[in-house]
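Right, one structure below, let's go through it.
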Amino acid sequence: MDSAAVCRSEQVSEVIKIGQVDDVQELQRVCFSTVPERYIRDGDDRPGGVGGDVRAQERIPVIDVGELQRGGEEELNKLRLACEEWGFFQVVNHGVEEEVMDEMEKLAREFFMLPLEEKEKYPMAPGGIQGYGHAFVFSEDQKLDWCNMLALGVEPAFIRQPKLWPTTPANFSQTLEKYSIKIRELCLRLLAHIAETLDLAPERFNGMFGEAVQAVRMNFYPPCPRPEMVLGLSAHSDGSAVTVLQQDTAFAGLQVLRDGAWVTVQPIRHALVINVGDTLEVLTNGRYKSVEHRAVANGELDRLSVVTFYAPAYDVELGPLPEFVTDEEPCRYRRYNHGEYSRHYVTSRLQGKKTLEFAKI
Ligand SMILES: COC(=O)C(/C=C/C1=C(C)CCCC1(C)C)=C/O[C@H]1C=C(C)C(=O)O1
Ligand SMILES: O=C(O)CCC(=O)C(=O)O
Ligand SMILES: [Fe+2]
């Protein structure tokens, strides 16, 4: 693409038609003052839209995992409250070394800074889920997110598509392996503590997940000339059991829906953001709920997030655990196969919590 191209709408739509519809970094590079129509959200769907108040002052809870590991009752109570009332919290003293996090962030950033031709060596197939591109786009009239993404299956080995793992920058794959091992350990610890908050045996969740699925999605949000009109990432809940999100501290781009308003997650350097996914909502019969969240773009700054989804194996059958089904709390979700849910999730648009209707009774 010619970087000196004059910014006319025909040219922008040509960019879209020649298959670069999703590459917002290219749009930003070539034509910085214009945002193509497909990215412009309808009023209510915009960051400041009606019914979408932003409460920037509120803070999601911060949990000290070291304290949980030491058996701290107070911290466990904080975790229970965080899961019950927020579905979102940040963790500190989480055991993932800062150097490992920094290296992952650096290499992910370097990947997104590569020329488009290089990144396109790892293409996400249309309607696909792994590789570089835009997932969750299924029709021409669908609004697009102001985001580029690289998504990769990590564990178990059979979900990996090694051809989609970048060989540039050097060490990307090695670093992702190392990072994923540490994040997996954290997921195991967190699920054990979450089980404790529910008076379940610590191994209860992991014991039923089989060969758990772990996938990573790296989201890059370049600056946008009209950030008030676009979304970096559409509102959604995650299909996982838990999600671990690492974000840079440039600006606060992640927002969580709470009591009808969007609460901004203020980045804390080297903390990780954790959220309850749809799987835990089903297992706890809605006691802990997956929460809608979205990302917004910024006029001057870019933003990177590295997101790990941790979920049961595809062959696991799920439904509310008997402990959470009582006369007062009747069963709210049917039993289903998690592989089927994963398929349903990745073939649906990101649209709030709509995907979970799959499981609702
Ligand atoms: C773009 O990808 C996603 O947003 C995503 C996909 C995750 C996956 C892969 C990249 C490889 C194959 C496995 C899996 C589908 C998990 C989101 O993941 C959510 C959706 C489900 C279901 C989940 O467990 O996490
Ligand atoms: O980038 C963010 O802050 C949000 C990312 C996210 O929610 C996701 O990848 O599922
Ligand atoms: Fe998410």
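The values are calculated or read from the model by the stated rules, or taken from the named source; none is laboratory data. Source: prediction; values computed, not measured. Reconstructed Cβ throughout: ideal geometry from the backbone, glycine too, with neighbour counts over all protein chains shown. The area values use the complete protein model at the heavy-atom level, side chains included, leaving out ligands, DNA and RNA. Shrake-Rupley method; radii C 1.70, N 1.55, O 1.52, S 1.80 Å.
Paramagnetic label reach from GLU329 (point 7 Å along Cα→Cβ; backbone nitrogen cut-off under 14 Å): within the range 256-288, residues 280-288. Please report the antiparallel percentage of DSSP beta bridges with both residues in the chain, rounded to the nearest 5. Antiparallel: roughly 85 percent of the beta bridges in the chain. The phi-based Karplus calculation (6.51 cos²θ - 1.76 cosθ + 1.60; θ = phi - 60°) puts the 3J(HN,Hα) values of the range 312-319 at x, 4, 5, 8, 7, 8, 10, x Hz, whole numbers, x for Gly and Pro. Less than 5 angstrom separates the built amide H of LEU272 from those of VAL91, all sequence-distant by 5 or more or on a different chain.
Of all DSSP-defined beta bridges confined to the range 208-361, some 95% are antiparallel rather than parallel. The heavy atoms of GLU328 present about 140 square angstrom of accessible area, all protein chains included, probe 1.4 Å.
Residue ranges 119-128, 263-272 sort as 263-272, 119-128 when ordered by packing (mean number of other C-beta atoms within 10 Å per residue, highest first).
Put the Cα centre of the range 262-304 next to the Cα centre of the range 144-195 and the gap is 18 Å. Derived scalar couplings between HN and Hα for the range 347-361 equal 10, 10, 5, 6, 8, x, 9, 4, 4, 6, 4, 3, 9, 6, 8 Hz in order, rounded to whole Hz, by the Karplus curve 6.51 cos²θ - 1.76 cosθ + 1.60 (θ = phi - 60°), x for Gly and Pro. Residues whose amide H comes within less than 5 Å of that of ARG55, counting only those at least five positions distant or on another chain, are TRP262, VAL263, THR264 (H built at 1.01 Å from N in the peptide plane). Dipole magnitude for the chain: computed about the Cα centre from +1 point charges on Lys and Arg Cβ and -1 point charges on Asp and Glu Cβ, it is near 480 debye.
Working note: Karplus 6.51/-1.76/1.60 with θ = phi - 60° gives the range 252-263 the couplings 8, x, 8, 10, 10, 7, 9, 6, x, 10, 8, 9 Hz, where Gly and Pro are set to x. Per residue, the convex hull around the alpha carbon atoms of the chain comes to 131 Å³. The portion of the accessible surface of the chain made up by carbon and sulfur, rounded to a whole percent, is 51 (1.4 Å probe; DNA, RNA and ligands excluded). Around the Cα centre of the range 146-230, unit charges on the Cβ atoms of Lys, Arg, Asp and Glu (plus for the first two, minus for the last two) sum to a dipole of about 360 debye.
Computed with a 1.4 Å probe over protein heavy atoms only, the accessible surface of the chain comes to 43 Å² per residue.
Each of TRP146, GLN161, LEU114 was placed along the dipole of the range 39-164 (beta-carbon charges, centred on the mean Cα), and the one lying farthest toward the positive end is GLN161. Positive contributions from Lys and Arg (+1) and negative ones from Asp and Glu (-1), summed over other residues with Cβ under 12 Å from the Cβ of GLU99, come out at -2.
In the chain, the DSSP-assigned H stretches of four residues or longer account for a calculated mean residue ellipticity at 222 nm of -8000 deg cm²/dmol, using -39500 (n - 2.57) per stretch and the full residue count as denominator. Answer rounded, prolate or oblate for the range 240-361, using the Cα gyration tensor with square roots of eigenvalues a ≥ b ≥ c: rounded when a/c is under 1.5, else prolate when a/b is larger than b/c, else oblate. Since a/c reaches 1.5 and a/b is larger than b/c, the shape of the range 240-361 is classed as prolate. Close amide H partners of GLY277, meaning residues 5 or more places away or on another chain with modelled amide H under 5 Å apart, are VAL242, THR243. Computed with every protein chain present, the accessible area of THR167 is close to 110 Å² [probe 1.4 Å]. Between LEU188, ILE361, LEU81, whose Cα lies farthest towards the positive end of the dipole of the chain when Lys and Arg beta carbons carry +1 and Asp and Glu beta carbons carry -1, centred on the Cα centre? Projecting each Cα onto the dipole axis, the largest value belongs to ILE361.
Taking a ≥ b ≥ c as the square roots of the eigenvalues of the alpha carbon gyration tensor, the range 130-194 is oblate, as a/c is not under 1.5 and a/b does not beat b/c.
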